[in-house]
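The values are calculated or read from the model by the stated rules, or taken from the named source; none is laboratory data. Treat the numbers as computed from the prediction; the structure is a model and nothing was measured. Cβ placement follows ideal geometry from the backbone for every residue including glycine, while neighbour counts extend to all protein chains displayed.
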Amino acid sequence: MSDLSFEDRQGPSTSGFRLNKRDGKIMGVSAGIADYFGIDVTFVRVAWVIGTLVGFGSLILIYLAIGLIAN
């Protein structure tokens, strides 16, 4: 089970947004967002899924755009 504690997390990253391909599943977008904001990647992934279902798939295009433009 993943560790959902926030004790080892700092605040938002000061170095800017970067894709995290090491911890990422597809393109590293969710892991990069989680690193940037200092939250657990599971919460970001769940938010992407819920947002995609509610937004009729529009977040898929945003996810792909972030994955292709960042880094």
Name the residues in region 27-43 that are farther than 18 Å from Ile69 by Cβ and not small (Gly, Ala, Ser), would you? Phe37, Ile39, Asp40, Val41, Thr42, Phe43
Please pick out the residue among Val54, Val29, Val46 that is of a type outside the set (Phe, Trp, Tyr) and in contact with a helix residue (DSSP H, G or I) (Cβ under 7 Å, 6 or more places away or on another chain). Val29
Pick from region 27-43, criterion under 18 Å from Ser15 (Cα atoms), in a loop (DSSP other than H, G, I, E, B) and of a type outside the set (Val, Ile, Thr), ranking: modelled with the highest pLDDT: Gly38
Among the residues of region 4-26, the number that are among the polar types (S, T, N, Q) and either in contact with a helix residue (DSSP H, G or I) (Cβ under 8 Å, 6 or more places away or on another chain) or at pLDDT 85 or above (or both) is 2
First in region 44-71 and modelled with pLDDT of 90 or more, second anywhere and β-branched (Val, Ile, Thr) and surrounded by fewer than 14 Cβ atoms within 10 Å (Cβ to Cβ), Cβ under 8 Å, 6 or more apart: Thr52/Ile60; Gly67/Ile26
